[in-house]
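Asks: This structure is in structure tokens; I'll ask about it shortly.
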Amino acid sequence: EGSGPNAERQEGPHAHCVRFAGDGSALYLVDLGADQILRLTLVEDGFGEASVAWTAPSGSGPRHLLFHPDGSAALLLSELAATLTLLSEGPLGLETRQTLPTAPEGFTGENLGGHLELNAGGSRVYVSNRGHDSLAVFALEGERLELLQQIPSGGVHPRHFALLEDEGKLVVAHEKDGCVATFDLNPDGTLLGPARSVHVPGACFVLAP
């Protein structure tokens, strides 16, 4: 149940992402339409009761959730607000530590959060902006996020990307112009490029083999 102020995108519940808790005790469900993250406890024969683990600012449209590999934090990308939020797990659910915009300060055009990735070491966070058409790289140190880089994504509407750390690459698919662009990863986790691109009509998802 639930809805948000954006009549086109939040007319009702819109389950956009699910993630297991780090300890396997629950499943978190990100609801873009209801501006909530729900927590479903796991029991022997399925799911227990659902509870609201976190409520987003009205109209944010939470889209993607990732848990830090050491269990210390979670990261949430909100699509409609185009924000990145650092969360921690508390006794009553998820608690907000910090929220940052994913587009540059002062940008006034329409922008939607696209995709969210975390490197294996948990020190770099990658986000795509659809509208600003860019990739943002954040450092995650302790309990704080810091913007390291904003770089053009190389196409129009970067919906999804794959972080290929072993190959030192990031590959991003642009839904509106079919451009699949490849970036090189610098040693500090920032991006260089695009190094090359190919045209794939309708491209919207990248899956590493």
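Asks: Which value in nm describes the separation of the simple spin-label points at Val156 and Glu141, placed 7 Å from the Cα toward the beta carbon?
Replies: Result: 4.0 nm between the two label points.
Asks: Give a quick list of chymotrypsin sites (Phe, Trp or Tyr not before Pro) in the range 97-181 that DSSP marks as loop, anything other than H, G, I, E or B, with at most 16 other Cβ atoms within 10 Å. Don't skip to the end; give the middle numbers.
Replies: On the way: sites: Phe107, Tyr126, Phe138, Phe161; in loops: Phe107.
Hits after loop and neighbour filter: Phe107.
Asks: Could you report the chain's accessible area per residue, 1.4 Å probe, as an integer in Å²?
Replies: On the way: 10120 Å² over 209 residues.
On a per-residue basis, 48 Å².
Asks: In whole percent, and with a 1.4 Å probe on the protein chains, what portion of the accessible area of the range 10-120 is carbon and sulfur?
Replies: On the way: 2660 of 5080 Å².
Ligands and nucleic acids excluded, carbon and sulfur give 52 percent.
Asks: Under a Cβ-Cβ cut-off of 13 Å, what is the net charge of the residues other than Pro5 that fall near it, where Lys and Arg count +1 and Asp and Glu count -1?
Replies: Values: positive: Arg9; negative: Glu8, Glu11, Asp35.
Local charge sum for Pro5: -2.
Asks: Another question, if that's okay. Please report the carbon-and-sulfur percent of the accessible area for the range 122-200; probe 1.4 Å, protein heavy atoms only, DNA, RNA and ligands left out. Intermediate results must be reported in sequence, preceding the final value.
Replies: Details: 1640 of 3450 Å².
The C+S portion of the solvent-accessible surface of the range 122-200 is 47 percent.
Asks: Run the Debye formula on the Cα coordinates of the range 38-140, all scatterers equal and no solvent, and tell me log10 I(q)/I(0) at q = 0.25 1/Å.
Replies: -1.36
Asks: Out of residues 5 or more away from Trp54 or on other chains, whose amide H comes under 5 Å of its own, with H placed 1.01 Å from N in the peptide plane?
Replies: Distant-sequence amide H within range of Trp54: Ile37, Leu94.
Asks: Translational diffusion coefficient of the range 146-189 at 4 °C, 1.567 mPa s, Stokes-Einstein with Kirkwood Rh over Cα pairs, in µm²/s as a whole number. Present the calculation step by step, with values, prior to reporting the outcome.
Replies: Working: Rh = 11.1 Å.
Once the numbers are plugged in, D ends up at 117 µm²/s.
The values are calculated or read from the model by the stated rules, or taken from the named source; none is laboratory data. Computed from a predicted structure; not experimentally measured. All Cβ positions, even for glycine, are placed from backbone atoms using ideal geometry, and neighbour counts span all protein chains on display. These accessible areas exclude ligands, DNA and RNA; they are computed on the full protein's heavy atoms, side chains included. Shrake-Rupley method; radii C 1.70, N 1.55, O 1.52, S 1.80 Å.
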